[in-house]
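Have a look at the structure below before the remarks.
The values are calculated or read from the model by the stated rules, or taken from the named source; none is laboratory data. The structure displayed is predicted, hence computed values, not measured ones. We place every Cβ from the backbone using ideal geometry, glycine too, and count neighbours over all the protein chains shown.
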Amino acid sequence: MTYTADRLWEEVVYVAYYLHWPYPDILGLEHPTRTRVIDEIGKIHGQSES
């Protein structure tokens, strides 16, 4: 699978926006961990809109 720089930026910005984590900490996450964090944020965000 090709992982583009644009997709990485989307993930970093998403986590930084919702969790207020610094860029180096987010970038230091392994890809599977980062995508799990993103999935969990999405679940919480979806629940708050209901």
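Per-structure values
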{"quantity": "Residue in segment 22-35 that is in contact with a Leu (Cβ under 9 Å, 6 or more places away or on another chain), of a type in the set (Lys, Arg) and assigned to a helix (DSSP H, G or I) present", "calculated": "yes"}
{"quantity": "Residue check, Tyr18 of a type in the set (Ser, Thr, Tyr), surrounded by fewer than 12 Cβ atoms within 10 Å (Cβ to Cβ) and either touching a residue at least 12 places away in the same chain (Cβ under 8 Å) or in a loop (DSSP other than H, G, I, E, B) (or both)", "calculated": "no"}
{"quantity": "Yes/no for Arg36 being modelled with pLDDT of 95 or more and charged (D, E, K, R)", "calculated": "yes"}
